[in-house]
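Working notes for the structure below.
The values are calculated or read from the model by the stated rules, or taken from the named source; none is laboratory data. Since this is a predicted model, take the numbers as computed values, not measurements. Here the Cβ positions follow ideal geometry from the backbone for every residue, glycine too, while neighbour counts run over all protein chains shown. Accessible surface is based on the protein model in full, side chains and every heavy atom, while ligands, DNA and RNA are left aside. Shrake-Rupley method; radii C 1.70, N 1.55, O 1.52, S 1.80 Å.
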Amino acid sequence: MDERGLTLLQHQVKRHLEHFETILLLAGSQKLPELSFGSAVKRLSDPLRFAGAGPLAGVLAGLCACSTDWLAVLPIDQPFFEPDNFLSAVQQALGTDEVLGFVDPTGREQWLPGIFHRSLIPAAES
């Protein structure tokens, strides 16, 4: 819990809700605490044939449920990741269908957090 008594999940949702119309919680089969953020927060399970297969299964669930061309994915354990980073990345990616990751403060490339285009669904399902 942080200084306001929020769990990491509550902190992340609250922090990003003002930047996104919908937040999809990609938790696989993990039980999540009840959140009181209304209908803008939706919990997704992994697709059945990929249940428990790890982060890519969650990304696939998000891509299939996403109402936009791009899905922004943020791991719960990165509470200091700035929401504006996603906006900048999507603006750079318009007209492409790539996976865009980020470079962490140590200079290592990361695919989570990342943004993923819907065109990746067939490849993720195979």
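Structure summary
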quantity: Tabulated pairs, the range 53-77, first crowded, with 17+ Cβ neighbours inside 10 Å, second among the acidic types (Asp, Glu), C-beta under 8 angstrom, 6+ apart or interchain; calculated: Ala57/Asp46; Gly58/Asp46; Leu60/Asp46; Leu60/Glu125; Ala61/Asp46
quantity: Single residue of the range 78-96 satisfying the filter (over 17 Å from Lys14 (Cβ atoms) and outside any helix (DSSP H, G or I)) that is most open to solvent (accessible area, probe 1.4 Å); calculated: Leu94
quantity: Search result, residues across the range 85-119 that are in contact (Cβ under 8 Å) with a residue 60 or more places away in the chain and either more than 21 Å from Ala61 (Cβ to Cβ) or in contact with a His (Cβ under 7 Å, 6 or more places away or on another chain) (or both); calculated: Leu87
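Conditions tested, residue by residue: (1) closer than 26 Å to Leu48 by Cα; (2) in contact with a Gly (Cβ under 9 Å, 6 or more places away or on another chain); (3) among the charged types (D, E, K, R).
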| residue | (1), (2), (3) |
| --- | --- |
| Cys66 | yes, no, no |
| Pro79 | no, no, no |
| Val99 | yes, yes, no |
| Phe102 | no, yes, no |
| Glu109 | no, yes, yes |
